[in-house]
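Inspection log for the structure reproduced underneath, given as structure tokens.
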Amino acid sequence: MRVITPIAKPKEGSAGLTGKWRIFKPVINYSKCNNCGLCWLYCPEAAITLDGKNVPKIVYEYCKGCGICANECPVRAIDLIKEE
Amino acid sequence: MGMKGILRVVPKEEYLLPGNPSCPGCPASLGLRYLLKALGGKAILVIPASCTSIIVGPYPFSSLRVPVLNIAFAAAASTAAGISEALKVKGKEGIQVVVWAGDGGTADIGLQALSGAAERNSDILYVCYDNEAYMNTGIQRSSLTPYGAWTTTTPKGKVEEKKNLPMIVAEHKVPYVATASVGYPIDLILKVRKAIKYRGFKYIHLHAPCPYGWRFPANKTVEVAKLAVKTGIWVLYEIENGKFRLTSLSSSLIDPSKRLPVNKYLKLQGRFKHLSEEDISRIQEHVNTMWDELMRLVKES
Amino acid sequence: MKLLLTSNYAAAYGAKLARVEIVAAYPITPQTQVVEKLAEFIEGEELKATMIRVESEHSAMAACIGAAAAGARPFTATSSQGLLYMYEMIWWAAGARLPIVMGVVTRAIAPPWSIWSDHADILSIRDSGWIIIFSESAQEVLDNIIQAYRIAEHKEVLLPVAVGWDAFTSSHTAEPVSLPEQELVDSFLPPRTPEPFVLDVNEPISHGNLTYPDEYMEFRFLINEGLERARKVIREVGKEYGKLTGREYGLIEEYKCGDADVILVTLGSMAGDVKDAVDILRKEGYHAGLVKLRCLRPFPREALLNALREARAVGIVERSFSMGRGGIIATEINSLLRESGVNDVVTVSYIAGLGGREIGVNDFINIFKSLFKKMERGSGFEVVWYGLRG
């Protein structure tokens, strides 16, 4: 079937590597992290994943650096570091 | 509630894909992410003109792992009704047709179609993500912009009150109406799941603080959303078959002393920075009056 | 089976025979009986379909768009202000390549209020990508609606189709109509096979996302390609329908054009009276002919050129006008003739019958006779408001 109408298909990075937009980089301090899951829950970008043990990991290719994760972290385990 | 508690309600599966064109800290992204998790992918989305028309991705890419029909500004509810009836005629069961529309597409240009679909009790879930202005076109006031708020078309602050849309929809006597907030995802997800158990018209009005339009830093989206609820400016409730019920944190705020003063919410936002003490008192009084009315609803139900 | 039907009822029977699945419409005079009859069919369980009683024409087309995008066969009907009110969604339906069929009971546009016959409404959608087919009689309305689904759903086309007929002169005037058997229509028009891009939770694709300037233009080009291909499809479908029913349809209908010096081009209910005028004039020795336009979009270029190229004068009588220019169809035909190198012909744009103004056989005889005089000029283009009162 010829594509005659603009059909879009799901793709990560539909706007490219949005990590490039970042001004501040969130970095998880795993020694402080208590695995509460709030950073994962509140990430608007779905750019924080949980591994098999439910440990959060930031996907820097796409993280736009909004800083919600750091703001919502109850134990202040996420630092925002200015990008170079 | 801890990780285990969250994961009991919130699936890990993502349907909003990262790397989409939303602004940093976007409440529409947050809401969509929760909505689609709650629906588990068994949904067709209808999206009228809004910020989400962009967020959904530039052709040939989509940021969502559900089928989407983009549609004109005023047409969301009736388009969704058409899809819903077509699925029934075709014998396709168990697929929820969902409108995801902004406050302009819902309360202003889309209101006629919304009211029509609600009155006909069309089998759709209509979610309004309310960022309280026309954000995609550059922060123009809508009928859901609150009193006093600066927008590009109300440079001295809006002089009218915010339209009480969820109650207007409830007056259509539809089976399910709820309010929600991007600051309270568990409450939202539970409401979506409850809503889709009903056949007929379901409405969820989602408060969605927008960093860009409300003039607060992108890391404060959730904080501002929570403060709207904690101050009682935004109320979480549901009306199930006409029965009104406060939910989540709002259910503990009937006692006025439990509510934070509205200024805690207002002062975080640049759109309210010009407000006088008098304006703030007026907003506080308005909130108090609204809660008196809510008390009456709670007692009646 | 023959029934005495108005064009409005014939439209409803056509939609029923086409086994439409979704009807979404909003009432407007003179379209109402189309929808009322369909409501009767549906509630009487003669037609397995769902009626969405929308609150506006904008929503009627939106619901049809949703239904078609989900793979169903939708129908709507409207007129005049209603068509203008749904205008935004008209373009959406064509842009989204959705096989929707819509009846348009052509009526004048206000102000001042007028509920009578006029073609300004249907011609307002001329450039949207819709296929536009016009009907002269109740029989044609029924036949056209059935064929419209075959054309719209054709894989080489995938565009919406508007079927027009005149307010009151057609919509409310009953005439005998041959109803094809349901089995015959079913063999001609099988259930819609949804295209691979129909909304489906198992294949999460997104329709109508933002396109950048690098992509948009190609999609407009593809709509035009669909319309260009539709010309052949309309003819093939019309032939096949003819084999089944004895009533064949083309892009235009020629009446005594072979040796005609003067040809009138018109459409809709006026065509019948023009035929009578041609017959009367032929008896008086005039070589007069008629071209009835069935298909307005795609524009029947070759068919019109073949019919008109030998004529010395062509008059186009239409109930429509492009303000500040001339008759809409007339300017198109005039430019077709000139761009095809046919210069030794006089073309006259007659604006007539607007807002339901009476125009009958004697008027067409007058127009013909005046054209037989004008043809001596050899060439030229002129606009005449026929029967204008001072």
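Data overview
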| quantity | calculated |
| --- | --- |
| Residue check for B:ASP123: acidic (Asp, Glu), more than 9 Å from chain C (Cβ to nearest Cβ) and open to solvent by 10 Å² or more (accessible area, probe 1.4 Å) | yes |
| Boolean, C:GLU153 is more than 25 Å from C:LYS232 (Cα to Cα) and either open to solvent by 10 Å² or more (accessible area, probe 1.4 Å) or within 14 Å of another protein chain (Cβ to nearest Cβ) (or both) | no |
| Some residue of the range C:334-346 being under 29 Å from C:ARG389 (Cβ atoms), assigned to a strand (DSSP E or B) and open to solvent by 10 Å² or more (accessible area, probe 1.4 Å) | no |
| Qualifying residue in the range C:59-82 (condition: more than 8 Å from every other protein chain (Cβ to nearest Cβ) and in contact with a Cys (Cβ under 9 Å, 6 or more places away or on another chain)) | yes |
| Residues that are out of contact with any Asp or Glu (no Cβ under 6 Å at 6 or more places or on another chain), facing chain B (nearest Cβ under 7 Å) and part of a loop (DSSP other than H, G, I, E, B), drawn from the range A:41-60 | A:PRO44, A:GLU45, A:ALA47, A:ASN54, A:VAL59 |
| Residue satisfying condition, being surrounded by 13 or more Cβ atoms within 10 Å (Cβ to Cβ), among the charged types (D, E, K, R) and more than 24 Å from C:THR6 (Cβ to Cβ), within set C:GLU253, C:GLU175, C:GLU183, C:GLU215 | C:GLU215 |
| Residue check, B:GLY116 out of contact with any strand residue (DSSP E or B) (no Cβ under 8 Å at 6 or more places or on another chain) and not in a helix (DSSP H, G or I) | no |
| Residue in the range B:61-84 that is farthest from B:GLU119 (Cα to Cα), counting only those that are more than 7 Å from chain C (Cβ to nearest Cβ) and in a helix (DSSP H, G or I) | B:PHE73 |
| Failed criterion for A:THR5 (all others in (1) part of a loop (DSSP other than H, G, I, E, B); (2) under 30 Å from C:THR211 (Cα atoms); (3) open to solvent by 30 Å² or more (accessible area, probe 1.4 Å) hold) | (3) |
| Matching residues, the range B:128-186, being at positive phi and of a type in the set (Asp, Glu) | B:GLU132 |
| Which numbered condition B:LEU87 fails, given (1) crowded, with 24+ Cβ neighbours inside 10 Å; (2) in contact with an Asp or Glu (Cβ under 6 Å, 6 or more places away or on another chain); (3) facing chain C (nearest Cβ under 7 Å) | (2) |
| Subset of the range A:17-40 that is free of Cβ contacts under 8 Å to residues at least 24 places away in the same chain and within 7 Å of chain B (Cβ to nearest Cβ) - its residue that is least open to solvent (accessible area, probe 1.4 Å) | A:GLY37 |
| Strands (runs of 3 or more DSSP E) contained entirely in the range B:141-259, each with at least 2 residues that are open to solvent by 50 Å² or more (accessible area, probe 1.4 Å) and among the charged types (D, E, K, R) | B:243-246 |
| Scan of the range B:39-60 for residues that are open to solvent by 10 Å² or more (accessible area, probe 1.4 Å) and not in a strand (DSSP E or B), ordered by number | B:LEU39, B:GLY40, B:GLY41, B:LYS42, B:ALA49, B:SER50, B:CYS51, B:SER53, B:ILE54, B:TYR59, B:PRO60 |
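The values are calculated or read from the model by the stated rules, or taken from the named source; none is laboratory data. Just so you know, these numbers come straight off a predicted model, no measurement behind them. Every residue, glycine as well, gets a Cβ built from its backbone with ideal geometry; the counts of neighbours run over all protein chains shown. Just the protein is used for accessible areas: all its heavy atoms, side chains included, with ligands, DNA and RNA removed. Shrake-Rupley method; radii C 1.70, N 1.55, O 1.52, S 1.80 Å.
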